[in-house]
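Here is the structure we will look at, set down as structure tokens.
None of the figures in this text is laboratory data; all of them are computed from the coordinates on show. These figures come from a predicted structure and were not determined experimentally. Quick reminder, even Gly has a Cβ in these numbers, built from the backbone with ideal geometry, and neighbours come from all protein chains shown.
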Amino acid sequence: MAAIAAQAQEIIAPADSTIIPPMQPHHYTFIFALGVIVAGLDAYGIGANDVANGFASSVGSGSISLLTACLIALFTEFLGAFLLGSNTAETVKSGIIDIN
């Protein structure tokens, strides 16, 4: 841990302050990893909320069991994201408001 702190201090304030060392991509890999983890947790939370909204009345009324609802949701959430995710991203990127 001390070695990481020393490297960080060297990046922030190098001993020779006239020469700033070039950015090394491996110094910032932890930011990428943290972003991937946070994005995954966010997607998990959004998917859980969608499933809860969709299956609450069916499970609550006893039409289907909780296990059945979880199995249906497992496949439909995955396939929806896998097969339709790129179309949704394209719509969000350029299909909502015409900037021109």
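With θ taken as phi - 60° and the coefficients 6.51, -1.76 and 1.60, list the Karplus ³J(HN,Hα) couplings across the stretch 91-99 in order, rounded to whole Hz; mark glycine and proline as x.
After applying 6.51 cos²θ - 1.76 cosθ + 1.60, I find 5, 5, 5, 9, x, 8, 10, 7, 6 Hz.
Kindly list the residues of the stretch 65-100 that lie in the label zone of Ser58, defined by a backbone N under 15 Å from the point 7 Å along the Cα-to-C-beta vector.
Only 65-80 fall inside the zone, counting backbone N under 15 Å.
Calculate one ³J(HN,Hα) per residue across the stretch 66-80 by plugging θ = phi - 60° into the Karplus curve 6.51 cos²θ - 1.76 cosθ + 1.60, and present them in order as whole Hz with x for glycine and proline.
Result, ordered by residue: 5, 4, 4, 4, 5, 5, 4, 5, 4, 6, 5, 5, 5, 5, x Hz.
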